[in-house]
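Notes follow the structure.
Just so it is clear, none of the values below were taken in a lab; they were calculated from the coordinates. Quantities reported herein were computed from a predicted structural model and do not represent experimental measurements. A quick note on method: Cβ atoms are made from the backbone with ideal geometry, for glycine too, and the neighbour counts reach across all protein chains shown.
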């Protein structure tokens, strides 16, 4: 059975990678999508692709690190489609560096996006979900939130944080308000993230890891599986990783 048909879903980080692949797959299941990211051109192209294929989508340029902007995104979804059923907190940043490099700027960027960005998304959608006593918040986590690899200490910490808040929401919002919360924990996925690493040694380590990567579409399939469950069922966490990844 398709439980996603007609659901109004906000996806952050939707313009590329896992977000774009997830948007396409959810559109095929009949969801009404609000696509959010910082790149207007990519958002417009993805929206047009989905609409040309018969899907329903609207887009809004949004900065997840800005709480007010995220509140406006939620309001836009409600105004455009008449409600808000699901948030896919997907916008994220993974930057590698050794502790000795003191890559403070990279640490701050990951904290702003991976922690504050997720909290901003939650606070933006929660009022309407509490009012309707239903909803679903899916937080994109990582295998790095289960175990820590070299040069990934701060990134792993942000993903441990994501697991912690999601489990807390499951026990509080799920049990008392019927609002489900899940994490998807991908392993190495080829989303172009390796090219965003500023530290030279970290960039090389990222490229070596990326040689094992699986596609964003594989993660999108996991997202659809988690979301496409009856209201009394919650998939708490799904780990999906390359067969040859040894951690």
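Could you check the simple spin-label distance between residue 53 and residue 68, using points 7 Å along Cα→Cβ, in nm with one decimal?
Placing both labels 7 Å beyond Cα along the Cβ direction yields 3.6 nm.
Any chance you could tell me what percent of the C-alpha pair distances in the chain go past 34 Å?
11
Given a 10 angstrom Cα cut-off, can you work out which residue in 224, 175, 64 is the most mobile in a GNM of the chain?
Residue with maximal mean-square fluctuation among 224, 175, 64: 175.
Assuming 0.36 nm per residue, please report the length gained on full extension of the stretch residue 78 to residue 104 beyond their Cα-Cα distance.
Separation in residues times 0.36 nm, less the Cα-Cα distance, equals 5.6 nm.
At 0.36 nm per residue, and after removing the present C-alpha to C-alpha distance, how many nm does the segment from residue 247 to residue 134 gain when stretched out fully?
37.1 nm
Order these by the 10 Å Cβ neighbour count, fewest first: 88, 143.
In order of increasing Cβ crowding within 10 Å: 143, 88.
Over segment 8-240, what is the relative contact order in whole percent, taking alpha-carbon pairs under 8 Å and six or more residues apart?
20 percent.
Return the single residue from 209, 119, 33 with maximal mean-square fluctuation; model: Gaussian network over the chain, springs between Cα atoms under 10 Å.
The residue with the greatest mean-square fluctuation here is 209.
With a 10 Å cut-off between alpha carbons and a GNM built on the chain, which of 225, 118, 155 moves the most?
Among 225, 118, 155, the largest mean-square fluctuation in the Gaussian network model of the chain belongs to 225.
Would you mind ranking 99, 107 by Cβ crowding within 10 Å, fewest neighbours first?
99, 107
Would you mind calculating the gained length between residue 168 and residue 231 on full extension (0.36 nm times residue separation, minus the Cα-Cα distance), in nm to one decimal?
The span from residue 168 to residue 231 would gain 20.8 nm if fully extended.
For the residues 96, 160, 81, what sequence is obtained by ranking on other C-beta atoms within 10 Å, fewest first?
The fewest-first ordering by Cβ neighbours comes to 160, 81, 96.
Using 7 Å Cα-to-Cβ label points, what is the residue 45/residue 123 separation (nm, one decimal)?
Computed distance between label sites residue 45 and residue 123 equals 3.4 nm.
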